[in-house]
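Each remark here refers to the structure printed beneath this line.
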Amino acid sequence: MNELVFTEEDYLSLLHRLSDDKFESCAILTTSIVPKHRSARMLVQQIQIAPPDAYRKRNTSAAILEPAFIVPIAKAARKNGNGLVFVHTHPWELGVPSFSAIDSQGEKLLQEFLGKRDVAGPNAALLFGKEHCRARLLGTDTEINVLTVGATRQVVFDSSSQKHVRQVHDRQVRLLGAEAQNRLGRMVVGVVGVGGTGSIIVQQLAHLGIENFVLVDHDLVEGTNLNRLVGAQPSDVGTPKVNIAERQVKLIAPHAQVTAIQGSVLDSDAAHSLVGVDFIFCCTDTQASRAVVNQLAYQYLIPCIDMGVSITSGDGAIQRISGRVQLLSPGHACLTCQDLLDSNIVRQEFMTTEQRAQDPYFIGEGEPQPAVISLNSTMSSLAITMFLAVVAELPSKARQLNYDAMIGRVRSSSATRYPTCVVCSRYGALGRGKEWRLPVRIVVDDNISK
Ligand SMILES: [Zn+2]
Ligand SMILES: [Zn+2]
């Protein structure tokens, strides 16, 4: 399914700037194209509203742009390998608007014009009525979904006719509604790290009705994991954790599709296997993998929930038992804004064992951290409820939660965005798609990484 993806902020700004009660209005969007299972995801990067002098003709039922407005935008798109979206309004049309015969004619000419200029796209047309929108591939009848991502992930135009809901989900449909349940079934969810917290996330997602998974973890099950690895049994020691997670999903939802990748998200291939998913859970315990997923989420406009549990002890006593769950999504501060990533630790975690042995600043792996299933379950459940609030309109506002087990308190908080952040702002990776490099290792040989 082709998709046009906006940040919530951009979408609202576009709506606001195009609002004119009388005349039709136009804009051109520049998109970064991400290939996705025989279709494409178009990430809106830039919005150019047509100024009054850019119209050749403009009245209550038509709007035609001057080529002088389109040509430089098309040239830039060709140079950067971007796609274009031609936006116009039907300010009088109620309900979901329909493209007119004149729209179709105009689009065919535009598509021809772009073809001659090598703007390969895919290019699209987006139409706003008074209340709703509709989109399609330029000059065709192939409709495309329109999504916004921010505090929520909303499908503002859903071109799918598939509305099936399974009987097993009856009780939660009473909470979420059939439409949201159906949307859950069509989402692809990535889980990075399927250990202590990730295995619980996977189990809950399968029960919720998620039917498409991409699971990434390079670890094998160890004997000391069995106190908390949901779905694992003693005979699984030595088996890849992703296989255990896949088995767990299939036990609950035999029809589910699982792509199990036994690899590290620090490596290019595993990281790029996530660029086509609709949502990510970051359940890893290293800063380097968090750094990769943090950037991937903003760069590809994929909402992500990052979570962690921490138990600190000293002087023979437990000092602190805490947990954190937070949404990484456009409009919300990323981990870099919040200084949650230590660049020296990230650098060391990217090293191979040999490189680490030679690094004068490496202070050693340290003792294994304590880990308890009840704390993992608490944080995982908070994360899943937040997920439902983001994608299924569950009425819950919290997008960052801090748990203090010693006091017995869960507190909602929010962090301030750094306006020119290198990850989550338009000055950084936000919405750049494959135009920017992810901070990953590229394997050039079986034994050599760079
Ligand atoms: Zn029209
Ligand atoms: Zn940031």
Original post:
When you look at residue 68, is it over 30 Å from residue 277 (Cβ atoms) and among the small types (Gly, Ala, Ser), yes or no?
Top reply: yes
Original post:
Considering only residues of the range 174-209 that are small (Gly, Ala, Ser) and outside any loop (DSSP other than H, G, I, E, B), which is most open to solvent (accessible area, probe 1.4 Å)?
Top reply: 178
**OP:** List every residue pair whose Cβ atoms sit under 7 Å apart, with the two residues 6 or more apart in sequence or on different chains, where the first one lies in the range 411-431 and is of a type in the set (D, E, K, R) and the second, anywhere, is part of a loop (DSSP other than H, G, I, E, B).
**Re:** 417/333; 417/337; 417/424
**OP:** Please work out if residue 297 is closer than 30 Å to residue 152 by Cβ, touching a residue at least 60 places away in the same chain (Cβ under 8 Å) and either crowded, with 23+ Cβ neighbours inside 10 Å or within 16 Å of ligand 2 (Cβ to nearest atom) (or both).
**Re:** no
**OP:** Could you tell me which of the residues 425, 414 is within 16 Å of ligand 2 (Cβ to nearest atom), of a type outside the set (Val, Ile, Thr) and in contact with a strand residue (DSSP E or B) (Cβ under 7 Å, 6 or more places away or on another chain)?
**Re:** 414
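Among the residues of the range 323-360, what is the count of those that are outside any loop (DSSP other than H, G, I, E, B) and near ligand 2 (Cβ under 10 Å from one of its atoms)? Let's see the steps before the verdict.
Looking only at the range 323-360, we keep the residues that are outside any loop (DSSP other than H, G, I, E, B), and these are 323-328, 343-349, 353-358.
This time we only want the ones that are near ligand 2 (Cβ under 10 Å from one of its atoms), so: 328.
Counting residues in the range 323-360 that are outside any loop (DSSP other than H, G, I, E, B) and near ligand 2 (Cβ under 10 Å from one of its atoms) gives 1.
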Original post:
With respect to residue 386, is the statement that it is on the phi < 0 side of the Ramachandran plot, within 19 Å of the chain's Cα centre (by Cα), in contact (Cβ under 8 Å) with a residue 12 or more places away in the chain and not in a loop (DSSP other than H, G, I, E, B) true?
Top reply: yes
**OP:** Please work out if residue 249 is of a type in the set (A, V, I, L, M, F, W, C) and in contact with a helix residue (DSSP H, G or I) (Cβ under 8 Å, 6 or more places away or on another chain).
**Re:** yes
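What do you reckon, is residue 319 surrounded by 17 or more Cβ atoms within 10 Å (Cβ to Cβ) and either within 16 Å of ligand 2 (Cβ to nearest atom) or not in a loop (DSSP other than H, G, I, E, B) (or both)?
On the way: surrounded by 17 or more Cβ atoms within 10 Å (Cβ to Cβ): no; either within 16 Å of ligand 2 (Cβ to nearest atom) or not in a loop (DSSP other than H, G, I, E, B) (or both): yes.
When the stated conditions are applied, residue 319 does not pass them.
Could you tell me which of the residues 245, 270, 256 is in contact with a strand residue (DSSP E or B) (Cβ under 8 Å, 6 or more places away or on another chain) and surrounded by fewer than 20 Cβ atoms within 10 Å (Cβ to Cβ)? Lay out the reasoning, then the answer.
Values: 245 fails: surrounded by fewer than 20 Cβ atoms within 10 Å (Cβ to Cβ); 270 fails: surrounded by fewer than 20 Cβ atoms within 10 Å (Cβ to Cβ).
One residue alone meets the criteria, 256.
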Original post:
Can we say residue 336 is open to solvent by 50 Å² or more (accessible area, probe 1.4 Å) and touching a residue at least 60 places away in the same chain (Cβ under 8 Å)?
Top reply: yes
Original post:
Residues of the range 230-287 being under 27 Å from residue 335 (Cβ atoms) and among the hydroxyl-bearing types (Ser, Thr, Tyr), which ones?
Top reply: 259, 264, 268, 273, 284, 286
**OP:** Scan the range 2-28 for residues that are among the aliphatic types (A, V, I, L, M) and touching a helix residue (DSSP H, G or I) at 6+ places or on another chain (Cβ under 8 Å) and jot them down.
**Re:** 27, 28
Original post:
Among the candidates 73, 28, which residue alone is touching a residue at least 24 places away in the same chain (Cβ under 8 Å), part of a helix (DSSP H, G or I) and surrounded by 14 or more Cβ atoms within 10 Å (Cβ to Cβ)?
Top reply: 73
Original post:
Can you name the condition, by its number, that residue 440 falls short on among (1) in the same structural domain as residue 289 (by TED's automatic domain parsing); (2) away from ligand 2 (no atom under 16 Å from the Cβ)?
Top reply: (1)
Subject >> Which listed residue is within 13 Å of residue 260 (Cβ to Cβ), touching a helix residue (DSSP H, G or I) at 6+ places or on another chain (Cβ under 7 Å) and not assigned by TED's automatic domain parsing to the domain that holds residue 43, from 216, 230 >> reply: 216
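The values are calculated or read from the model by the stated rules, or taken from the named source; none is laboratory data. These numbers come from a predicted model, not from an experiment. Don't worry about glycine lacking a Cβ; one is built from the backbone with ideal geometry, like all the others, and counts go over all protein chains shown. Ligands, DNA and RNA are excluded from the accessible area calculation, which covers all protein heavy atoms including side chains. Shrake-Rupley method; radii C 1.70, N 1.55, O 1.52, S 1.80 Å.
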